[in-house]
Amino acid sequence: MKKFTRKQWILIAVVAVVGLGILRSITNGGSDLPADKTTLVEEVAPVATIAFDTPLDLGGGVFVTVASPTSFTPTTFMTNIDQKPKTSNSFNVTIKNGGTEPLDFTTVSLIAASGENVCFDVLGDLDINGAPTDPLAAGATTTYTYGVGCQAAAGEPLSLTVQIGESKVAVEGKLA
């Protein structure tokens, strides 16, 4: 029986690995894959589109108002400041919970956009801290300050989407 050299063993190992790789790709690419490639998360249209400073009843006793944005200069201690926004705006969000159950703030989110320009959160200093973390008791009202930085100039559109639980609200205006 012939003994294999070290180079021959390496060649055998490489051929085996390549062969197993091809075999695996063939068996994983079969008809087992689902034919339905729909998105698992569906976008929900806003329940309403409002202007800044316009209160909106979301039903169930929950009201939301987003105040007009004001321009500010971010500090070096704020999030995302390394993205060097052209314009930074802050605004107050007031939520009134007239319902019978506490409102869980983990269900509250905010997304900002300015036309085709990128916007991002700018929080963490100047009392611009975003939504509270404690639930809002039934019958209580809270106001918090949110900040966004955008790669857009003052006067360009500012679109916010505020989601509270299952309700989405679009707020339209202009960057300050």
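Overview of results
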| item | result |
| --- | --- |
| Filter pass, T76 being crowded, with 16+ Cβ neighbours inside 10 Å, over 18 Å from the mean Cα position of the chain (by Cα) and among the hydroxyl-bearing types (S, T, Y) | no |
| Filter result (in a strand (DSSP E or B) and under 19 Å from G115 (Cα atoms)) within the stretch 130-167 | G147, V148, G149, C150, P157, L158, S159, L160, T161, V162 |
| Members of the stretch 137-171 found to be buried (at least 16 other Cβ atoms within 10 Å of the Cβ), of a type in the set (A, V, I, L, M) and over 18 Å from the mean Cα position of the chain (by Cα), listed by number | A152 |
| Identity of the residue in the stretch 62-73, touching a residue at least 60 places away in the same chain (Cβ under 8 Å) and over 18 Å from P132 (Cα atoms), that ends up surrounded by the most Cβ atoms within 10 Å (Cβ to Cβ) | P69 |
| Every residue from the stretch 81-94 that is closer than 19 Å to T145 by Cβ and either free of Cβ contacts under 8 Å to residues at least 12 places away in the same chain or buried (at least 20 other Cβ atoms within 10 Å of the Cβ) (or both) | P85, T87, S88, N89, S90, F91, V93 |
| Complete set of residues in the stretch 120-136 that are over 17 Å from the mean Cα position of the chain (by Cα) and among the aliphatic types (A, V, I, L, M) | L126, I128, L136 |
| Residue list for the stretch 57-88, filter: polar (S, T, N, Q), over 15 Å from T161 (Cα atoms) and touching a strand residue (DSSP E or B) at 6+ places or on another chain (Cβ under 8 Å) | T70, S71, T73, T75, T79, N80, Q83, T87, S88 |
| Residue count, the stretch 95-114 (criterion: surrounded by 14 or more Cβ atoms within 10 Å (Cβ to Cβ) and in a helix (DSSP H, G or I)) | 1 |
| Residue list for the stretch 38-85, filter: assigned to a loop (DSSP other than H, G, I, E, B), aliphatic (A, V, I, L, M), modelled with pLDDT under 90 and touching a Ser or Thr at 6+ places or on another chain (Cβ under 8 Å) | V47 |
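The values are calculated or read from the model by the stated rules, or taken from the named source; none is laboratory data. Nothing here was measured: the structure is a model prediction, and the numbers come from that model. Neighbour counts run over all protein chains shown; Cβ positions are idealised from the backbone, glycine included.
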